[in-house]
Amino acid sequence: MIFALDLEGVLAPEIWPILGAHFELPELSLTTRDLGDFSELMHRRVDATRSRRLTLKELQAVAHQVEPYLGARDFLSRLRALGQVVIISDTFHEFSEPLVQKLGGHSLFANRFELDGAGTLSGFKLRIRGQKERIVSGFKSAGFPVAAMGDSLNDLSLLKSCDYPVLFRPVDALLGQFPGAPVAVNLDEALAHMQAAARREENGTRAE
Ligand SMILES: [Mg+2]
């Protein structure tokens, strides 16, 4: 079984608002909850960092201090005993790799930045946005059942395409899309839902 998990809001806090608070740049604190168009949101974030001439290194110095939620590392290691763990996120590798190492070094599928010669952000490559469903479908067509967990609307395609969706402290709009899906308010509950999914898969009693 493969456990495909969102990162920010599930295993660790959101990184951009932390950057926004640190650099006193409110534009960085906007999230997909404020602005539905992710590409526009990212353009605004990149422009904001450029207006201050912040380099990727300066941003990373703060982003790399972000710690996982308490218990998240243990949660993942328990899941790892039941199957493979992959983190599929709209975050950026340049920000989140150290965080993923702190979580136990599981596979991260995320986006990348583009830089100019001065080391400031000049753009971004969205490899994940819109592709979560494809990743999950790939696993499934290779014969791996997938359980997924996310908290927000940007996880919709991940959760819709998997076999066992779990909602983690979901925003209302996401909750409305999955009537009857298991909801977890902490990682203990999330683990119980994932274990139940693994058991159902083992017993051949997957709910359609
Ligand atoms: Mg999230």
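At a glance:
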quantity	calculated
All positions within region 46-73 that are touching a helix residue (DSSP H, G or I) at 6+ places or on another chain (Cβ under 9 Å), of a type in the set (D, E, K, R) and in contact (Cβ under 8 Å) with a residue 40 or more places away in the chain	67
Matching residues, region 146-168, being in contact (Cβ under 8 Å) with a residue 60 or more places away in the chain, assigned to a strand (DSSP E or B) and either within 15 Å of the ligand (Cβ to nearest atom) or in contact with a Leu (Cβ under 7 Å, 6 or more places away or on another chain) (or both)	148, 149, 150, 168
Criterion violated by residue 2 - all others in (1) more than 22 Å from residue 160 (Cα to Cα); (2) of a type outside the set (Phe, Trp, Tyr); (3) away from the ligand (no atom under 16 Å from the Cβ); (4) within 16 Å of the chain's Cα centre (by Cα) satisfied	(1)
Filter result for the condition that a residue is within 16 Å of the ligand (Cβ to nearest atom) and of a type outside the set (Ser, Thr, Tyr), over 54, 103, 59, 79	103
Scope region 82-92; condition of a type outside the set (A, V, I, L, M) and within 16 Å of the ligand (Cβ to nearest atom); matching residues	89, 90, 91, 92
Residue among 14, 24 that is open to solvent by 60 Å² or more (accessible area, probe 1.4 Å) and within 16 Å of the ligand (Cβ to nearest atom)	14
Considering residues of region 68-97 that are in contact with a Leu (Cβ under 9 Å, 6 or more places away or on another chain) and of a type in the set (Lys, Arg) only, the residue least open to solvent (accessible area, probe 1.4 Å)	73
Every pair of residues 6+ apart whose Cβ atoms lie under 8 Å, when the first sits in region 74-90 and is among the aromatic types (Phe, Trp, Tyr) while the second is away from the ligand (no atom under 16 Å from the Cβ) and open to solvent by 10 Å² or more (accessible area, probe 1.4 Å)	75/191
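The values are calculated or read from the model by the stated rules, or taken from the named source; none is laboratory data. What you see is a predicted model, and the numbers here were worked out from it, not measured in a lab. Don't worry about glycine lacking a Cβ; one is built from the backbone with ideal geometry, like all the others, and counts go over all protein chains shown. Side chains included, ligands, DNA and RNA excluded: accessible areas come from the protein's heavy atoms. Shrake-Rupley method; radii C 1.70, N 1.55, O 1.52, S 1.80 Å.
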